[in-house]
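No lab work stands behind these numbers, since they all come straight from the coordinates. Since the structure is predicted, the reported quantities are computational estimates derived from the model, not experimental observations. For neighbour counting, all protein chains shown are included, and Cβ atoms are generated from backbone atoms with ideal geometry for every residue, glycine included.
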Amino acid sequence: MTSILIISNATQLITVSGHSEQPATRDKMGDINIIENGTVIIEDGKILAVGQHDHIRSEYESLWERAEHIDASGKVVTPGLVDPHTHIVYAGSRENEYAMRLQGKTYMEIMNAGGGIHATTRATQQASFEELYEQSKRRMNQFLLHGVTTIEAKSGYGLTVEDELKQLEVAKKLNEDHPLDLVSTFMGAHAVPMDYKDNPDDFVDYVIDEMLPIVAEKELAVFNDVFCERGVFTPEQSKRILEAGKKYDLIPKIHADEIEPYGGAELAAEVGAISADHLLKASDEGIKQMAEKGVIGVLLPGTAFFLMAEYARARKMIDSGVPVALSTDANPGSSPTISLPFIMNLGCLNMGMTPEEVITATTINAAHAIGQADTIGSIEEGKAGDLTIFDVPNYLMLSYHYGMNHVDTVIKGGISVVKNTQLNI
Ligand code: IZC
Ligand code: ZN
């Protein structure tokens, strides 16, 4: 007997349907396809039917008696949210650096003095597998509680072969054990370790010759990412690493133009990256090239907020045809949050996005940014039964109230993993 879950009568069922083949661009980003009094049937973890309640009820009457039911009347149902850029597998925290930044020190000054990514790297290297697993698991729980059902997570706090593997193995085990899905990215080129400071090209060789082959052989990552930024990796070094990863079928992603304009958006277009992320300082030419090549702009306004920096030009990107996704950038230095709903607020208030666009950007476009749009990111027949139920009467509330969590229920693969605001795992 198959298992059936019916979520019925949502005041607004936001399907975000019709964008699974290609990421939504331009006005299509506003097209979130709302069904009023909507009902969804999930059979054995996958969506069997979606539509207006009366219609679904009469067509599937035979399933009603034996199904498990969730009444979504008065509520908004969206696809489970997708966060396409996180660094959540780490140990320790950096609140001391936050206090230093409030006194005027910059993110880069702190990093160049051996703090920042280096501080988290030391803590992560020193942590045992179990410690790293437990600390990261707490963040996975928090993501679920905020309505997120799939995340991407990067390595890059190991910076030695052994420690990068430890971080990626923890990510793999968390993905296996925890209901939140986690898609891994290898980011050995996250920082130049202090002992390579005077010969960074030797570290680039180490990433290419020693790290990439073993990460690929163990199938520990889908994507390969580089922090392309002045004082970290140059566009030339980044290109070498991303091209080398392609030989192992690792798909390029780039941390691009976060602190300074540095040609990162252009490089993303040149190497055929699936996404270029950050883009606070992306040039007009870079934006144009991204649009031409269909590179997704993964924007992280939590980072601009927390670093008190200028925001990425989301409006210009969308109007130029760049498909835009949003993400928390969850990490202990530049964006210590897991609240993707708060990122929606920031998208509207500080980047000129509409309430509809921020929904597209945290569902289907985010799914495209991690190569998963065939199975998640929208409520459509055949897709995974991943849904978030918000206790609000309409979707505008999602980016209107801020700093609040409206998640009532989260369904992952047809199972309620958050029930009445509480974890149920
Ligand atoms: O730990 O500071 N920007 N990488 C690139 C980060 C921020 C994470 C960190
Ligand atoms: Zn990042």
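A few points about this structure:
- When residues of the stretch 325-339 are limited to those that are among the hydrophobic types (A, V, I, L, M, F, W, C) and not in a loop (DSSP other than H, G, I, E, B), the one surrounded by the most Cβ atoms within 10 Å (Cβ to Cβ): 326
- Test: residue in the stretch 64-83 that is free of Cβ contacts under 8 Å to residues at least 24 places away in the same chain, out of contact with any helix residue (DSSP H, G or I) (no Cβ under 6 Å at 6 or more places or on another chain), surrounded by fewer than 18 Cβ atoms within 10 Å (Cβ to Cβ) and of a type in the set (S, T, N, Q): no
- Filter result for the condition that a residue is touching a residue at least 12 places away in the same chain (Cβ under 8 Å) and under 30 Å from residue 141 (Cβ atoms), over 181, 201: 181
- When residue 104 is tested against (1) within 13 Å of ligand 1 (Cβ to nearest atom); (2) more than 30 Å from residue 410 (Cα to Cα), exactly one condition is not met: (1).
- Flag for residue 109 being more than 18 Å from residue 171 (Cβ to Cβ) and either of a type in the set (D, E, K, R) or part of a loop (DSSP other than H, G, I, E, B) (or both): yes
Condition check ((1) surrounded by fewer than 18 Cβ atoms within 10 Å (Cβ to Cβ); (2) away from ligand 1 (no atom under 16 Å from the Cβ); (3) within 30 Å of residue 422 (Cα to Cα)) across all residues:
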| site | (1), (2), (3) |
| --- | --- |
| 136 | no, no, yes |
| 164 | no, no, no |
| 173 | yes, yes, yes |
| 182 | no, yes, yes |
| 188 | no, no, no |
| 196 | yes, yes, no |
| 201 | yes, yes, no |
| 222 | no, yes, no |
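- Of the numbered criteria (1) more than 20 Å from residue 299 (Cα to Cα); (2) surrounded by fewer than 19 Cβ atoms within 10 Å (Cβ to Cβ), the one residue 237 fails is (2).
- Selection from the stretch 302-324 of residues that are surrounded by 23 or more Cβ atoms within 10 Å (Cβ to Cβ) and within 14 Å of ligand 1 (Cβ to nearest atom): 302, 303, 312
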